[in-house]
């Protein structure tokens, strides 16, 4: 049998020619620029961009060991970028020990990405409860059933736990028929920088980055709180 040869990774390349990002194109605040690009990504969902709200979340534990995974953006406002999770998951433990993170929105069909670096704060329980109540009934049960990131013996264990919870919290059609678990909540990434990357031909990409002025948290819709710099590709 002939051994299958690996794909020629060195030869995989694409010419980026879908757009540009000049200083004159940039919105006045990182929030306005992100919302404009997110609207484009949402419109492109039916042209091959699945899950425009998906983002790579990178964290590190107390020892500096990194980890990354894809999560869903569940809110963006002047504070920053919000997501929800089991607080005892690996990312939850990382953020408790080292409350900093990076986000990447990989909008490949548009030849764009957004990179966020910032400090992380836990979302208040009332806000977490309001979001939790908006989730489908099955997703709320799943939050109770899964001790996220922990080792389990088999999928059958998870299914059995889910069945127990479905019996304990039947679907009544009410948004409070499954209570918020104590170990489940949300985080908001409060940016120190937000970079907007647009692919360009010959790898001469456009990279414009909003950088927070000063050390204190800044509102994403406050133009005076941010400076803009261009990065070499």
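Scanning the stretch 122-141 for residues that are buried (at least 16 other Cβ atoms within 10 Å of the Cβ) and either without any contact (Cβ under 8 Å) to a residue 24 or more places away in the chain or part of a loop (DSSP other than H, G, I, E, B) (or both) turns up 123, 135. The number of residues in the stretch 17-44 being in a loop (DSSP other than H, G, I, E, B) and modelled with pLDDT of 95 or more comes to 7.
Yes/no per residue for (1) over 24 Å from residue 219 (Cβ atoms); (2) touching a residue at least 24 places away in the same chain (Cβ under 8 Å); (3) under 17 Å from the mean Cα position of the chain (by Cα):
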| residue | (1), (2), (3) |
| --- | --- |
| 23 | no, yes, no |
| 34 | no, yes, yes |
| 63 | yes, no, no |
| 66 | yes, no, yes |
| 74 | no, yes, yes |
| 78 | no, yes, yes |
| 91 | yes, yes, yes |
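Residues in the stretch 36-55 that are touching a residue at least 40 places away in the same chain (Cβ under 8 Å) and over 22 Å from residue 80 (Cα atoms): 44, 47, 48, 49.
A single entry from 220, 165, 180 fulfils the requirement of being surrounded by 14 or more Cβ atoms within 10 Å (Cβ to Cβ), part of a loop (DSSP other than H, G, I, E, B) and over 21 Å from the mean Cα position of the chain (by Cα): 180.
The values are calculated or read from the model by the stated rules, or taken from the named source; none is laboratory data. Computed from a predicted model, the values in this text were never measured in an experiment. Positions of Cβ are generated from backbone atoms using ideal geometry, with glycine treated the same way; all protein chains shown enter the neighbour counts.
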